[in-house]
1. Cβ-Cβ under 7 Å, sequence separation 6+ or interchain: first residue in region 31-49 and small (Gly, Ala, Ser), partner modelled with pLDDT under 95. Which pairs?
2. Looking only at region 22-42, which residues are of a type in the set (Val, Ile, Thr) and farther than 18 Å from Pro91 by Cα?
3. Which pairs turn up if I take residues in region 102-119 that are at negative phi and look for partners that are small (Gly, Ala, Ser) and more than 8 Å from the ligand (Cβ to nearest atom) with beta carbon separation below 8 Å, at least 6 apart in sequence or on another chain?
4. Is it the case that some residue within region 59-71 is of a type in the set (D, E, K, R) and within 16 Å of the ligand (Cβ to nearest atom)?
5. Consider Ser29 against the criteria (1) more than 16 Å from the ligand (Cβ to nearest atom); (2) part of a loop (DSSP other than H, G, I, E, B); (3) under 20 Å from the mean Cα position of the chain (by Cα): it satisfies all of them except one. Which criterion is unmet?
6. Among the residues of region 1-22, are any modelled with pLDDT of 95 or more, surrounded by 16 or more Cβ atoms within 10 Å (Cβ to Cβ) and not in a strand (DSSP E or B)?
7. Does Lys45 fit the bill of being under 19 Å from Asn117 (Cβ atoms), in contact with a His (Cβ under 9 Å, 6 or more places away or on another chain), modelled with pLDDT of 95 or more and away from the ligand (no atom under 16 Å from the Cβ)?
8. Of everything in region 50-85, what is of a type in the set (Phe, Trp, Tyr), surrounded by 15 or more Cβ atoms within 10 Å (Cβ to Cβ) and not in a helix (DSSP H, G or I)? Give them in sequence order.
Amino acid sequence: MAKTLLIFVILILSAICSSSATNYIVGDSSGWDISTDLDTWLVGKRFNVGDVLVFQYSSFHSVSEVTKENFEGCNTSNVLDSSKNGNTSFPLTKQGDRYFVCGNRLHCLGGMKLHVNVENDIAASPAAAPEAEAGASFPASKSNNPSVVPSFALSNHVGLDSLLLVTLGLLSLAFSLV
Ligand SMILES: [Cu+2]
């Protein structure tokens with residue numbers, strides 16, 4: 001029973017790691033700021049449909065989504081969407097390019113601008129390695145019901161927090177039974 005639960009937990013964890021949406025804090029701890037090196041922050045990052053860009057900034061700044069043309073010219077007078085509440089989330093709902101600038105044109109000209117290319121990797125195959133590893137670690141157990149796992153793996157609507165809570169709960173249950 002404990003082994004079954006452990007395998008279940010590992011499969012859920014691998015599903016979370018492979019298919020969950022990611023919240024990106026723009027600039028990480030530096031936030032959305034004129035001093036943040038956004039080009040460096042972008043290195044190695046891939047954005048997928050379902051991810052969220054979170055802009056955190058002081059009252060000196062704002063964030064506006066603009067067209068490519070207005071992005072290049074730092075034209076902040078004609079924006080698609082704008083916010084200055086200090087903590088703004090932009091869900092990446094579809095594939096393609098998104099352009100963000102600070103509403104202060106001088107800041108934009110100083111580099112406070114962000115272009116991301118959103119990819120559509122929702123259908124990408126879930127990570128196979130953790131499952132193979134789980135099978136190798138617990139070869140004796142055949143009793144887990146595999147039909148339960150795909151519903152987790154395919155669900156992009158379940159909140160990450162609730163999934164983690166469920167996982168942690170199962171994990172503690174599993175270890176208490178070992
Ligand atoms: Cu600014």
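The values are calculated or read from the model by the stated rules, or taken from the named source; none is laboratory data. Just so it is clear, the structure is predicted and the values come from calculations on it, not from any experiment. Backbone-built Cβ (ideal geometry, glycine too); neighbour counts: all protein chains shown.
1. Pairs that qualify, where the first residue is small (Gly, Ala, Ser) and the partner is modelled with pLDDT under 95: there are none.
2. Applying the first criterion (of a type in the set (Val, Ile, Thr)) to region 22-42 yields 22, 25-26, 34, 36, 40.
Within region 22-42, Ile34, Thr36, Thr40 qualify.
3. From region 102-119, the pairs are Cys102/Ser64; Gly103/Ser64; Gly103/Ser82; Asn117/Gly96; Val118/Gly96.
4. yes
5. With respect to (1) more than 16 Å from the ligand (Cβ to nearest atom); (2) part of a loop (DSSP other than H, G, I, E, B); (3) under 20 Å from the mean Cα position of the chain (by Cα), Ser29 is out only on (2).
6. No, every residue in region 1-22 fails to be modelled with pLDDT of 95 or more, surrounded by 16 or more Cβ atoms within 10 Å (Cβ to Cβ) and not in a strand (DSSP E or B).
7. Values: under 19 Å from Asn117 (Cβ atoms): yes; in contact with a His (Cβ under 9 Å, 6 or more places away or on another chain): no; modelled with pLDDT of 95 or more: yes; away from the ligand (no atom under 16 Å from the Cβ): yes.
Against the criterion (under 19 Å from Asn117 (Cβ atoms), in contact with a His (Cβ under 9 Å, 6 or more places away or on another chain), modelled with pLDDT of 95 or more and away from the ligand (no atom under 16 Å from the Cβ)), Lys45 does not qualify.
8. If the condition is that a residue be of a type in the set (Phe, Trp, Tyr), surrounded by 15 or more Cβ atoms within 10 Å (Cβ to Cβ) and not in a helix (DSSP H, G or I), then Phe55, Tyr57 are the ones that fit.
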